[in-house]
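Participant: Mind having a look at this structure? Questions to follow.
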Amino acid sequence: MIATTESSIDLSASEIFLGRNPVFDGSGKLAAYEMLFKSRESLGDDSVDDLAASTQVIVNSMSHFGLEGVLGSSDGFIHVTEKLLMSNTLELLPPKRITLEILQGLSLNDDLIDRIKTLKNMGFRIALECTSLDPQYESILPLVDFIKVDLATTSLENSFDVFSHVKQFTSATFWATNLKTADDLALCKAKGFRLFSGTYFSQPLVMRSKKPKALQISLMRIVGLLFKDAGITTLEPIFKLNPDLTLGLFRLVNSVGVAGHLQISSVRQALVTLGQKQLLQWMLLLIYTEAGNAAASELQRRVVNRARLIELLSQHEDITQPGLSDEAFVVGLLSLAHLVTGQTLAEVIKQIHLAEHLENALLHHEGILGQLLVLTDAIEAVDFMRMEASRSHLGISAQALTELQLQAIQWTNELDSQIGMAKH
């Protein structure tokens, strides 16, 4: 696959957890990431001011990875406390890419309002969490670009009351978070919400009764053969019977630099050049791209990021063992296949005759790979308490975990741009 750019960052003595909550538009396309930070010391204590955690991670992420390395081409929402709003740290961030998110409960005063106006004039956009009709926020509503309504703390009925009231004072875009069902999404769209986030977006993209597409069936067949160490003589006819698959293979090999200066002109040449390991990884990835819509593109990013993160975690000095990292990457790629194939994960695994220990890791979270999946699930859910319990069980420091997360994000963004090249 692509070359890895390794980076080493110093997160100092304070251990910080990093979370990214994807935010989508009405078509299911990724619009932004809500960046969430938590110091290990403040877990379970919401009264602790995490300014130091936020400042440190923001500055380190920008310094060592750049904004593209953390957000890709997306924009970012960052929670701001009163102290962070009043600090100079925010001025290190690029205003055109960052939205400052003011959480419910912040007490406004004249100094804060003036500071918000200054930041707005610098080009920052402002988001306001508004889960109740609090009159103190009416004075800044004309400055606000996004209104966030949390359905975990506000019923749909009350959220619509908030929407109707606040709409009198602002032309902001409304964002509904913690959506759990398609009905929630439909109702919020009908009421005028334009941005959405929540567990609903991590659910299957296809109905359970829908059969896998022909190309997906071919892909699963190839994956199964690769797990059996099938040779080119066995694989070549399958590609020749699937023109779309062959075209994708040519585009991939010719566009991402796998072949160097050599232009590939035959299926056999492409298969030899790519190699069995990379072919397996790309065939697994194509299962997700075949879904062919905006939500599938985000799922593709998600599965690539988790595969790379699990691979990096498996290389940790207290975990690594021969052959584990290759298995870790494959487990990561397979772990979400049920979201697009219309089958259960057990059915997907059955088709490809996966080794028993890999099957147990995927289905039952057994063994070290299963434990790494548990940690990755916690990271994607932005569940800091589960992250702490899981990383502690594995013997990985919070500091090391955050560094590996950032490396995986950077690698995923690089690969995403190369996949885009391969599609055109």
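The values are calculated or read from the model by the stated rules, or taken from the named source; none is laboratory data. Just so we're clear, the structure is a prediction, and the values are computed from it rather than from any experiment. Using ideal geometry, Cβ is built from the backbone for each residue, glycine included, and neighbour counts are taken over all protein chains shown. Quick note on the areas: whole protein, heavy atoms, side chains included, nothing else; ligands and nucleic acids left out. Shrake-Rupley method; radii C 1.70, N 1.55, O 1.52, S 1.80 Å.
Participant: I'm told LYS189 meets every condition in (1) surrounded by 13 or more Cβ atoms within 10 Å (Cβ to Cβ); (2) out of contact with any strand residue (DSSP E or B) (no Cβ under 7 Å at 6 or more places or on another chain); (3) modelled with pLDDT under 85 except one. Can you identify the failing condition by its number?
Facilitator: With respect to (1) surrounded by 13 or more Cβ atoms within 10 Å (Cβ to Cβ); (2) out of contact with any strand residue (DSSP E or B) (no Cβ under 7 Å at 6 or more places or on another chain); (3) modelled with pLDDT under 85, LYS189 is out only on (3).
Participant: Sort out which residues of the range 296-355 are outside any helix (DSSP H, G or I) and farther than 18 Å from LEU375 by Cβ, and write them in order of number.
Facilitator: PRO322, GLY323, ALA337, GLY342, GLN343, THR344, HIS353, LEU354, ALA355
Participant: Could you tell me whether any residue of the range 352-360 is in contact (Cβ under 8 Å) with a residue 12 or more places away in the chain and of a type in the set (S, T, N, Q)?
Facilitator: No, every residue in the range 352-360 fails to be in contact (Cβ under 8 Å) with a residue 12 or more places away in the chain and of a type in the set (S, T, N, Q).
Participant: Moving on. Can you tell me which residue within the range 352-375, out of those that are at pLDDT below 95 and of a type in the set (Asp, Glu), is surrounded by the most Cβ atoms within 10 Å (Cβ to Cβ)?
Facilitator: GLU359
Participant: Quick check: is even one residue across the range 31-53 crowded, with 20+ Cβ neighbours inside 10 Å, small (Gly, Ala, Ser) and modelled with pLDDT under 65?
Facilitator: Yes, the range 31-53 contains a residue that is crowded, with 20+ Cβ neighbours inside 10 Å, small (Gly, Ala, Ser) and modelled with pLDDT under 65.
Participant: Checking ASN158 against (1) farther than 17 Å from LEU106 by Cβ; (2) assigned to a loop (DSSP other than H, G, I, E, B), only one condition comes out false. Which one?
Facilitator: ASN158 satisfies every listed condition except (2).
Participant: Here's a follow-up. Collect the residues in the range 356-390 that are within 17 Å of the chain's Cα centre (by Cα), assigned to a helix (DSSP H, G or I) and charged (D, E, K, R), keeping them in residue-number order.
Facilitator: Passing the criteria: ASP377, GLU380.
Participant: Here are some residues: GLY367, GLY395. Which one is small (Gly, Ala, Ser) and farther than 16 Å from GLU15 by Cα?
Facilitator: None of the others qualify; the one that does is GLY367.
Participant: Here is a list of conditions, (1) more than 24 Å from ARG194 (Cβ to Cβ); (2) open to solvent by less than 10 Å² (accessible area, probe 1.4 Å); (3) β-branched (Val, Ile, Thr), and ILE98 meets all of them except one; can you say which number that is?
Facilitator: (1)
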